[in-house]
Amino acid sequence: MISACTLRRLEIPLVEPIRTAYGEHRLKTAILVEIQSDSGARGVAECVAMRAPTYTEETSTTAWHVILDDLLPRLARAQQAIALKPLTIADVWSDIRGNKMAKAAVEMAFWDLWSMENHTPLTALLGGVRDKVEVGISLGMQRSTLELLSRVERSLDAGYRESS
């Protein structure tokens, strides 16, 4: 049974600014959602909504509001009524339109909590077959094609893989 939920708003400086068609970004804004069970297990996830609605319509402010005022209260009521499981949690707020980043954050925290409670790696619960995941890098816009090609080469040398 869920005993507590904590939201944390973070602003993390980027290693270097990233330029996109929507402007230059120097900070990563994030909301961490933590759900704790009666046994003390904790599930944690990140809401990836950005500060301003320049890339998507969701923002960290709107996501915070939806998580706090809509999703978490519904989660609390649902756990009293049904035995919540990761595959049924989306049904709890299926009538709420949009807000995909806010919903995903709470769902991911719940999956993580379920994993901890059941002493089963999350990858196994999701049907994963690998123990490592390859990652990519977002390079943003560069001043020139030559600068972009140089960044790509340095990224590949650092171990990032080519996208397919």
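The values are calculated or read from the model by the stated rules, or taken from the named source; none is laboratory data. Quantities reported herein were computed from a predicted structural model and do not represent experimental measurements. Neighbour counts run over all protein chains shown; Cβ positions are idealised from the backbone, glycine included. Just the protein is used for accessible areas: all its heavy atoms, side chains included, with ligands, DNA and RNA removed. Shrake-Rupley method; radii C 1.70, N 1.55, O 1.52, S 1.80 Å.
Just checking, how many residues over region 94-116 are more than 15 Å from the chain's Cα centre (by Cα) and either crowded, with 19+ Cβ neighbours inside 10 Å or under 26 Å from residue 40 (Cβ atoms) (or both)?
Looking only at region 94-116, we keep the residues that are more than 15 Å from the chain's Cα centre (by Cα), and these are 94-98, 114-116.
Filter again for either crowded, with 19+ Cβ neighbours inside 10 Å or under 26 Å from residue 40 (Cβ atoms) (or both), leaving 114-116.
Residues in region 94-116 being more than 15 Å from the chain's Cα centre (by Cα) and either crowded, with 19+ Cβ neighbours inside 10 Å or under 26 Å from residue 40 (Cβ atoms) (or both): 3 in total.
Report yes if some residue within region 88-107 is assigned to a helix (DSSP H, G or I), within 20 Å of residue 33 (Cβ to Cβ) and touching a His at 6+ places or on another chain (Cβ under 9 Å); otherwise report no. First the steps, then the outcome.
Looking only at region 88-107, we keep the residues that are assigned to a helix (DSSP H, G or I), and these are 89-93, 100-107.
Among the residues that remain, those that are also within 20 Å of residue 33 (Cβ to Cβ) are: 89-93, 100-107.
Keeping just the survivors that are touching a His at 6+ places or on another chain (Cβ under 9 Å) gives 102.
Yes, region 88-107 contains a residue that is assigned to a helix (DSSP H, G or I), within 20 Å of residue 33 (Cβ to Cβ) and touching a His at 6+ places or on another chain (Cβ under 9 Å).
Which residue is most open to solvent (accessible area, probe 1.4 Å), if the candidates are limited to region 57-76 and must be part of a helix (DSSP H, G or I) and more than 17 Å from residue 46 (Cα to Cα)? Give the derivation first.
If we filter region 57-76 for residues that are part of a helix (DSSP H, G or I), which is where we start, we get 60-76.
Filter once more, keeping what is more than 17 Å from residue 46 (Cα to Cα): 69-70, 73-76.
Details: 69: 87, 70: 58, 73: 42, 74: 58, 75: 2, 76: 49 Å².
Looking at residues that are part of a helix (DSSP H, G or I) and more than 17 Å from residue 46 (Cα to Cα), I get 69.
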>> I'm trying to understand the selection: among the residues of region 1-33, which are among the β-branched types (Val, Ile, Thr) and under 30 Å from residue 78 (Cα atoms)?
In response: 2, 6, 29, 31, 33
> Being modelled with pLDDT of 95 or more and open to solvent by 80 Å² or more (accessible area, probe 1.4 Å), is that true of even one residue in region 77-90?
Replying inline: no
> Of the conditions (1) in contact (Cβ under 8 Å) with a residue 12 or more places away in the chain; (2) outside any loop (DSSP other than H, G, I, E, B); (3) open to solvent by 70 Å² or more (accessible area, probe 1.4 Å), residue 161 fails just one. Which one is it?
Replying inline: (2)
> Is there a residue being of a type in the set (Lys, Arg), in contact (Cβ under 8 Å) with a residue 12 or more places away in the chain and either surrounded by 18 or more Cβ atoms within 10 Å (Cβ to Cβ) or not in a strand (DSSP E or B) (or both) anywhere in region 30-47?
Replying inline: no
